[in-house]
Each structure stands twice: as structure tokens, then as C-alpha cells.
1. Could you derive backbone 3J(HN,Hα) for the range 63-76 from the dihedral phi with the Karplus parameters 6.51, -1.76 and 1.60 (θ = phi - 60°), listing whole Hz in sequence and x where the residue is Gly or Pro?
2. If you count, for each residue, the other Cβ atoms within 10 Å and average over each peptide, how do 74-80, 117-123 line up from highest to lowest?
3. Can you flag which of 38/139; 89/184; 38/107; 38/89; 12/132 are past 20 Å Cα-Cα?
4. Please report the net charge: other residues with Cβ closer than 13 Å to the Cβ of residue 38, K and R +1, D and E -1.
5. At 1.4 Å probe size, with the rest of the protein present, what percent of the exposed accessible area of the range 75-173 is carbon and sulfur atoms?
6. Net charge near residue 171: determine it from the other residues with C-beta under 13 Å of the C-beta of residue 171, scoring Lys and Arg +1 and Asp and Glu -1.
7. So how far apart, in nm, are the two label points at residue 175 and residue 21 if each is 7 Å from Cα heading toward Cβ?
8. Evaluate the relative contact order of the chain (contact order divided by residue number), counting alpha-carbon pairs under 8 angstrom at least 6 apart; express in whole percent.
Amino acid sequence: MRIIEEPMPGLKLIESTVFKDDRGYFYETFNSSTYHAKGIDVNFVQDNESLSQKNVVRGLHFQAPPYGQAKLVRVLQGAVVDVVVDLRKGSPTFKQTYKAKLSGENKHQLYVPVGFGHGFVTLENDTIFSYKCSNLYNKASEGGVIWNDPELNIDWEVDSPILSEKDVCLPLLKNLESPFTYEK
């Protein structure tokens, strides 16, 4: 496994070591001791999974404190462009975005610390997206930023996105008072 420190503090791309032979493949998707040794010292308490058709945009979501969630995200089947925005006031990358392609083929994972808005767009039908969360979901703490915010200028790499009613109504970044503060 190789962990790449991305340009946003705390954000990490994980390239898994995959063992392949004529039977198929094997790889370790999570080991708390290994991840702890690599600087991801998080107690994950909830796993989530979604199935989406091509061109579905989910996000940009977050859970506000005290229910903030770090996430370890990956794709089991299909492919996504995974997108994060740093919402931590005082961060050197505040309001900046980052994208990574995650797929069932490349087996990459992205560690997203607390304080980031997170979303993705599916590139294939029947994409299965899986993620571990460091805190339990709390409806009253959910928040987000509208996916097509002009200030963020994210290229979602899709012409006709499919969105939920909830995601269409998320606020612009300029209208959001971020509940997160950057801690070194």
C-alpha cells in the first residue's frame, strides 16, 4: 500500500497493493494498525454503501460538529470522480477543491478528514460506492454546498447530471457559515 499526501492538509490518496492470479485478486481494504502507522488514526464506526447509475452526482455533503465525519471512501464496482472541498476556516487550502478518480479497477481509496465537503459523480452504470465514517450519521447535523457552485468551478466531467431534490437545494459556499476550524 502506498499513501500519497495530497496538497490539502490531512487528505490522503491510498493506492492499495492488489495480489492477482488466475483465480482473481485479493487486497486488504482496511487494517487499523497499518492505517494508524501511516497517519490515519481514526476509529471508524459506520459503513455506508450506495448504488448509482451513470451521471449521478451526490454531494457536496458534510456532517457538522459534534457529528463531524472523517471518511475512507472507495468504489467496489464502476467508477467515480470523487470531489472534496476544504471547509476548514484557517486552513491554507480553505475553499479549494480536489478530485480523484476512484474505480473498482484501480482500487484506490481516499481518506477525507473532518471539515471537508464531499461528493462524487458516477462514470458508469451500477457503480457501487462504499465508505467508512468516523461518526454516526445525525440528520440535524447534515449540511452541504451546492454541487455547481460558481465559486468552486468544479468540472464534474458530466453533461447531464442526475441529482436528488436535497442536493439541488444546497446553499452556495458564500452563503454557508462553515462550522469547521482548521487545527494543525
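1. 10, 6, x, x, 9, x, 10, 7, 10, 10, 10, 7, 10, 7
2. Result, highest mean first: 117-123, 74-80.
3. Those over the limit are 38/139; 38/89.
4. Net local charge, residue 38 excluded: -2.
5. Carbon plus sulfur share of accessible area: 48 percent.
6. On the way: positive: 166, 174; negative: 142, 149, 151, 167, 177.
Taking every Cβ under 13 Å from that of residue 171, the sum is -3.
7. In this crude spin-label approximation the distance works out to 5.8 nm.
8. Result for the chain is 29 percent.
The values are calculated or read from the model by the stated rules, or taken from the named source; none is laboratory data. No experiment lies behind these values; they were computed from the predicted model shown. Virtual Cβ from ideal backbone geometry, glycine too; neighbours counted across all protein chains shown. Heads up: the accessible areas ignore ligands, DNA and RNA and are worked out on the full protein's heavy atoms, side chains in. Shrake-Rupley method; radii C 1.70, N 1.55, O 1.52, S 1.80 Å.
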